[in-house]
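Okay, structure first, notes after.
The values are calculated or read from the model by the stated rules, or taken from the named source; none is laboratory data. Because the structure is predicted, anything quoted here is derived from the model rather than measured. Heads up, the Cβs are rebuilt from the backbone with ideal geometry, glycines too, and the neighbour counts pull from every protein chain shown. The area values use the complete protein model at the heavy-atom level, side chains included, leaving out ligands, DNA and RNA. Shrake-Rupley method; radii C 1.70, N 1.55, O 1.52, S 1.80 Å.
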Amino acid sequence: MTSAATPKGLRRRSRLIEAAGELLLEGGFDAVRHRAVAERAQLPLASTTYYFGSLEDLMAEAAAEVCHREEKCIAARRDAVSRRRRGGHATADALAEVFVGPDTTIETLAARYETIALAARYPRLHDVVADRRILLAEMHSDVLQKSFRIAESARVQQLIAVEDGAVVGVLGRREASAYTATREALYEVIEVLAPRE
């Protein structure tokens with residue numbers, strides 16, 4: 001960011017980030033371009049380079065905006081999980097409900113994994129992905145503990161990898177449900193990766 005110290009500057013910068021996030025959800029990172037973001041935000045084209053040092057900075061802010069919105073939804077679903085002993089399938093159901101959710105749009109899921117894939121090329125996305133990974137691991141641990149399951153750090157990461165693989169496996173198939181695929185994949189591993197206390 002080059003400048004946004006005034007209230008007006010902060011509002012404009014926020015509008016640009018929100019517009020970039022909307023474009024990211026609608027068309028992926030290819031849609032996040034200076035002109036498109038300025039038009040969506042109804043601001044002059046020069047404002048994108050005034051408030052952001054590079055297109056990569058704007059893309060990282062868009063990704064962070066989308067992630068924060070999704071994280072709020074995930075946190076709300078996590079908070080709704082009651083504390084009770086759950087069997088393997090019930091625990092897998094709870095994890096799939098919280099982290100994928102039956103109502104999560106395919107666009108939101110695509111943005112999630114596109115951000116991860118592009119982090120290898122765009123260093124500014126690295127921080128977004130790393131912060132998200134830490135937060136999701138903590139929320140996984142919360143759900144497992146509420147289910148009276150062991151939540152070892154390395155195994156939580158393995159659970160996340162199983163979920164990621166299930167979702168990515170269905171992203172290109174519109175008729176498939178990421179939620180169902182995640183739940184079924186977790187059924188196979190939950191007792192090994194998150195046994196009962």
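Observations, loosely collected:
- Thr180 - accessible surface, heavy atoms, 1.4 Å probe, Å² rounded to 10: 50 Å²
- With Cα atoms, 0 to 90° folded angle of helix 55-80 axis to the chain main axis: 30 degrees
- Accessible area of Leu43 (1.4 Å probe, protein heavy atoms only, ligands and nucleic acids ignored): about 20 Å².
- Computed magnitude of the charge dipole of the chain (debye, nearest 20; Cβ of K, R +1, Cβ of D, E -1): 480 debye
- Its relative contact order, with pairs defined as Cα atoms under 8 Å and 6+ residues apart, puts the range 86-197 at 40 percent.
- The mean sequence distance of close C-alpha pairs (under 8 Å, at least 6 residues apart), as a share of the length of the chain, puts its relative contact order at 22 percent.
- Toward the positive end of the charge dipole of the range 50-167, with +1 on the Cβ of Lys and Arg and -1 on the Cβ of Asp and Glu, the farthest Cα among Val81, Tyr51, Ala119 is that of Val81.
- Pairwise centroid distance, computed over Cα atoms, of the range 48-63 with the range 131-197, Å: 32 Å
- 0 to 90° range, to nearest 10: angle between helix 153-170 axis and the chain longest Cα axis: 70 degrees
- Comparing Arg35, Arg121, Arg85 in a Gaussian network model of the chain, where Cα atoms under 10 Å apart are tied by springs, the biggest mean-square fluctuation is seen for Arg121.
- Nearest-10 value in Å² for the accessible area of Glu70, using the 1.4 Å probe: 10 Å²
- Calculated mean residue ellipticity, 222 nm, the chain: -24000 deg cm²/dmol, from DSSP H runs (n ≥ 4) at -39500 (n - 2.57) each, averaged per residue and rounded to 500.
- GNM flexibility winner over the chain from Arg149, Arg11, Arg132 (Cα, springs under 10 Å): Arg11
- Between helix 178-193 and the chain: long-axis angle, C-alpha atoms, 0 to 90°, nearest 10: 50 degrees
- In a reduced charge model with +1 at each Lys and Arg Cβ and -1 at each Asp and Glu Cβ, the range 72-168 shows a dipole moment near 340 debye about its Cα centre.
- For the residues Lys8, Lys146, a 1.4 Å probe over the protein chains yields an accessible-area ranking, largest first, of Lys8, Lys146.
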